[in-house]
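Step one of this worksheet: look at the structure below.
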Amino acid sequence: MSQGSEQHPERQRRMEIEGISLRLAQSDPSQQEWIGDREILQQLLACWLVVDDKDLPLCPRIIGQPGIGKTTLATSAARERKQDFYIYQCTADTRPEDLLITPVIAEGSTIQYQASPLVTAMLTGGVCLLDEGNRMNEKSWASLAPLLDHRRSVESVVAGIQVNAHTDFRCCVTMNEDASTYEVPDYILSRLQPSLKLEFPARDHELAILRYHLPFSPQEILTITVEFLQKAHSLDLGFSVRDGIHLVQYALKRLAQDPSHPLSRDEVWREALIKVLGEEALDLEGLAQQRKRVIDEQAFPRGLGDFFFEPDDPLHPDR
């Protein structure tokens with residue numbers, strides 16, 4: 001079967017390009033519902049619109065703290081477009097062939113070619129999310145440069161073929177705001193436009209998200225968890241709704257483990273907070289001040305005297 005031939009999205013799992021047979025990846029089956037600000041969802045959907053025969057869809061980057069729903073946002077947008085959704089998880093050791101086409105040994109020691117989720121979406125007209133894209137190295141990003149501009153194609157050195165994107169193919173990239181990431185090169189960032197900033201959810205939305213994932217939880221535990229998260233957000237701490245879900249899950253499991261245990265729900269919730277987020281989470285104001293001091297210290301260059309004396313030491317050369 002040549003590229004562009006009709007196929008059943010569920011039954012057809014192979015496609016042939018330039019004489020090379022590719023085994024296609026499976027689409028993501030999750031049906032996550034977006035609960036939150038509809039405006040950011042509309043912005044993502046707008047990026048994927050085509051308003052003229054000569055127009056091309058955009059590949060935006062979705063930026064935000066870990067655990068606040070970036071992947072769920074992309075999933076929901078693909079579902080609204082009624083397209084198959086694929087996720088490629090980017091890592092520091094991702095290679096160009098991992099992103100595109102990987103050779104595998106089959107029966108009889110023959111070589112077969114496995115299309116990545118990205119290439120599968122390109123061939124079938126699906127949506128692909130490159131998750132945590134700023135954890136990926138520049139060499140891998142370079143292999144995607146022609147896909148992210150007007151060429152909309154990739155070159156597989158391993159299989160020796162060029163793959164052109166289906167007209168319905170759409171993609172986006174999520175990027176976490178933390179220190180354990182690569183700096184994405186400018187020539188790639190210029191292709192990943194626009195930048196969509198996802199903020200922490202408002203109180204009502206956060207409560208609705210917890211209810212959606214934990215409909216079996218008592219309201220009291222959900223409420224105290226949301227109050228904690230909202231306070232953390234106000235102090236610019238990175239605790240997310242994902243942290244809240246894990247916190248509630250652990251608390252409920254502890255309560256279910258021994259319903260006759262004399263521990264109150266407040267005590268169980270406190271235990272869950274420590275186990276999930278650490279003891280420092282008991283004092284949000286103190287944690288915020290501590291992190292601010294660390295940031296301030298990193299912002300200013302240290303002199304030689306700072307390595308040998310505390311700032312208030314009378315022998316410090318700057319005193």
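General observations
- Listed conditions (1) at pLDDT below 95; (2) open to solvent by less than 10 Å² (accessible area, probe 1.4 Å) are all met by Gln65, apart from (2).
- Residues located in segment 141-181, provided they are of a type outside the set (Val, Ile, Thr), open to solvent by 60 Å² or more (accessible area, probe 1.4 Å) and more than 17 Å from Ile62 (Cβ to Cβ): His150, Arg151, Glu155, Gln162, Asn164, His166, Asp168, Ala179, Ser180
- Single residue of segment 22-46 satisfying the filter (open to solvent by 70 Å² or more (accessible area, probe 1.4 Å) and charged (D, E, K, R)) that is farthest from the chain's Cα centre (by Cα): Arg23
- Segment 38-87, residues that are in a loop (DSSP other than H, G, I, E, B) and under 17 Å from Asn176 (Cα atoms): Cys59, Pro60, Gln65, Pro66, Gly67, Ile68, Gly69
- In this entry, Leu49 is excluded by the filter for residues that are at pLDDT 95 or above, touching a helix residue (DSSP H, G or I) at 6+ places or on another chain (Cβ under 7 Å) and open to solvent by 60 Å² or more (accessible area, probe 1.4 Å).
- Ser195 falls short of the stated requirement of being touching a residue at least 40 places away in the same chain (Cβ under 8 Å) and either touching a Phe, Trp or Tyr at 6+ places or on another chain (Cβ under 7 Å) or surrounded by 16 or more Cβ atoms within 10 Å (Cβ to Cβ) (or both).
This table checks each residue for (1) closer than 23 Å to Leu129 by Cα; (2) assigned to a loop (DSSP other than H, G, I, E, B); (3) among the polar types (S, T, N, Q); (4) within 20 Å of the chain's Cα centre (by Cα).
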site	(1), (2), (3), (4)
Phe216	no, yes, no, no
Phe228	no, no, no, no
Asp243	yes, no, no, yes
Ala256	no, no, no, no
Pro259	no, yes, no, no
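- Selection of first residues in segment 74-100 that are over 14 Å from Leu130 (Cβ atoms) and of second residues that are part of a strand (DSSP E or B) and not charged (D, E, K, R), restricted to Cβ pairs under 6 Å at least 6 apart or on distinct chains, gives the following pairs, ordered by first then second residue: Gln83/Val127.
- Yes/no for Val154 being in a strand (DSSP E or B), under 20 Å from Met15 (Cβ atoms), of a type in the set (Val, Ile, Thr) and touching a Leu at 6+ places or on another chain (Cβ under 6 Å): yes
- Members of segment 261-283 that are more than 30 Å from the chain's Cα centre (by Cα) and part of a helix (DSSP H, G or I): Arg265, Asp266, Glu267, Val268
- Tallying residues that are touching a Leu at 6+ places or on another chain (Cβ under 8 Å), closer than 19 Å to Cys47 by Cα and modelled with pLDDT of 95 or more within segment 111-146 yields 5.
- Screening the candidates Gly244, Gly238 for the property of being at pLDDT below 95, closer than 24 Å to Ala202 by Cα and either open to solvent by 60 Å² or more (accessible area, probe 1.4 Å) or not polar (S, T, N, Q) (or both) yields one hit, Gly238.
- Any hit, segment 107-117, residues being closer than 26 Å to Gln65 by Cβ, assigned to a helix (DSSP H, G or I) and open to solvent by 10 Å² or more (accessible area, probe 1.4 Å): yes
- No other residue among Glu138, Glu132 is crowded, with 19+ Cβ neighbours inside 10 Å and among the charged types (D, E, K, R) apart from Glu132.
- Among the candidates Lys275, Lys253, Lys231, residue that is in contact with a Phe, Trp or Tyr (Cβ under 8 Å, 6 or more places away or on another chain) and either modelled with pLDDT of 90 or more or open to solvent by less than 30 Å² (accessible area, probe 1.4 Å) (or both): Lys275
- Among residues of segment 42-71 that are of a type in the set (Val, Ile, Thr), those with a Cβ under 9 angstrom from a residue that is open to solvent by 60 Å² or more (accessible area, probe 1.4 Å), sequence gap 6+ or separate chain, pair up as Val50/Leu56; Val50/Thr167; Ile62/Lys197; Ile63/Glu177; Ile63/Lys197; Ile68/Glu199; Ile68/Arg242; Thr71/Gln32.
The values are calculated or read from the model by the stated rules, or taken from the named source; none is laboratory data. Values in this document were obtained by computation on a predicted structure and should not be read as measured data. Here the Cβ is made from the backbone with ideal geometry for all residues, glycine too, and neighbour counts use every protein chain on show. What goes into the accessible areas is simple: the full protein's heavy atoms, side chains included, and nothing from ligands, DNA or RNA. Shrake-Rupley method; radii C 1.70, N 1.55, O 1.52, S 1.80 Å.
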